[in-house]
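Here's the structure we're looking at; comments come further down.
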Amino acid sequence: MDEKKVMLSGIQPSGDLHLGNYLGAIKNWVARTDEFDNYYFMADMHTITVRQNPADLRRRTLEQLALYIACGLDPEKNTLFIQSHVHQHAELGWVLQCYTMFGELSRMTQFKDKSAKHKENINGGLFAYPSLMAADILLYQPDFVPVGEDQKQHCELTRDVAQRFNSVYGDVFKIPEPYIPKAGARVMSLNAPDSKMSKSLPEGCIFLMEKPEDIQRKFKRAITDSDTENCVRYDPAAKPGVANLMSIYSAITGSTYEQIEAEFAGCGYGKFKPAVGDAVVECLRPIREEATRILADKAYLESVYKAGAEKASYVANKTLRKVYKKLGFVAR
Ligand code: TRP
């Protein structure tokens, strides 16, 4: 019997994967492979709440899968799949929309932010997005959902919706816990250290498939701090840029902040920044090479996402059948 706890998470293929995704999420997923029964997916259905270029979406979805594997997520031990391949997501998503309140959806920070940004396209999907995310989660009855700070509100809503449904129909859904890992860096933008690293700030963002020269250039231009101290010291309040570089270096090398301070004592930022750049280049090199190799092997990639979708559908379908029965839908 498989008694392992279930873990599930997804990333939208709306932008290329970057160092923040790797150090903040994927690396932790890899470390937990044996401890949990894991489901990781490309949340392609979520991306169309804002307009996408179809060719880019297709490329990024496959590239994301290749990178998951190249980062060390073994497809034999993790169920890796593409959200739109498992139709139960859309089906349960609709059901859960009917159990999510207009007021709740109106209060979501991400909805407010995105509708402010895309005033010309505030569509129903953007509004109902958290109900689809609740379906993504609840279909697999997970114990834990590892997410970043920005998704905590959606996880809370998922719990509320699950509890609401359970209170009417009995124990249908397991109530998942958000899982904010102890280890794992929150990587900030290299040129705006008060913002999370993201594709919308490309000069401060290191993409996993990026060329070593470009990575080095971005690190050399990274913001350190405005004081004249020029000393590698961990002080996130006074020197957020330096602290961010130290946390990246620490996540990659395993060194503590004290060890990093000692290693670069008397060196100044002129030596420190390229050293962090080198560490990142060397960390990403095998990942990029392996992802490139996997991407060229279309048959392998296809076998992974097909097997993943089959396994995921089997589990998702069990939950969906139960839900339909409780609702009073006639079995076919
Ligand atoms: N909404 C998440 C994001 O934008 C992605 C996502 C979709 C997700 N469904 C999920 C994350 C289910 C965890 C679980 O980052």
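No lab work stands behind these numbers, since they all come straight from the coordinates. What you see is a predicted model, and the numbers here were worked out from it, not measured in a lab. Note that we place each Cβ from the backbone using ideal geometry, even for glycine, and neighbour counts take in every protein chain shown.
Using a 7 Å offset from the Cα along the Cα-to-Cβ direction at both K271 and R32, what is the distance between the two label points in nm, to one decimal?
Each label point lies 7 Å from its Cα, and together they span 3.9 nm.
By a straight-distance test (C-alpha under 22 Å), which lysines pair with K174 as possible cross-link partners, with residues fewer than eight away in the same chain excluded?
Leaving aside lysines fewer than 8 places away in the same chain, those within reach of K174 are K4, K5, K152, K311, K318, K322, K325, K326.
If you bin every alpha carbon distance in the range 202-292 into 10 Å steps from zero, what whole percent lands in each bin?
Using 10 Å bins, I get a P(r) of 17, 50, 27, 6, 0 for the range 202-292.
Which values of log₁₀ I(q)/I(0), to two decimal places, follow from the Debye formula for the range 99-198 at q = 0.14, 0.18, 0.21, 0.22 Å⁻¹ with a uniform point scatterer at every Cα?
These q points yield log10 I(q)/I(0) values of -0.64, -0.95, -1.12, -1.17.
Suppose R0 equals 22 Å. What FRET efficiency, 1/(1 + (r/R0)^6) with r the Cβ-Cβ distance, do I122 and F102 give to the nearest 0.05?
0.95
With each run of n ≥ 4 DSSP H residues scored as -39500 (n - 2.57), what mean residue ellipticity at 222 nm is computed for the chain after dividing by its residue count and rounding to the nearest 500 deg cm²/dmol?
Rounded to the nearest 500, it is -16500 deg cm²/dmol.
Evaluate 2.2 N^0.38 Å with N set to the residue count of the chain, then give the Cα radius of gyration divided by it.
1.06
Roughly how far apart, in whole Å, are the Cα centres of the range 77-146 and the range 262-319?
26 Å
Any idea what the relative contact order of the chain is, in percent, if you count C-alpha pairs under 8 Å spaced at least 6 apart?
22 percent
Antiparallel as a % of all DSSP beta bridges within the chain, to the nearest 5?
Around 10 percent of the beta bridges assigned by DSSP in the chain are antiparallel ones.
What's log10 of I(q)/I(0) for the range 1-114 at q = 0.22, 0.23 Å⁻¹, Debye sum over Cα points only, no solvent?
-1.29, -1.32
Rg (Å, one decimal) plus Dmax (Å, integer) for the alpha carbons of the range 242-332?
In Å, with Rg to one decimal and Dmax whole: 24.1, 74.
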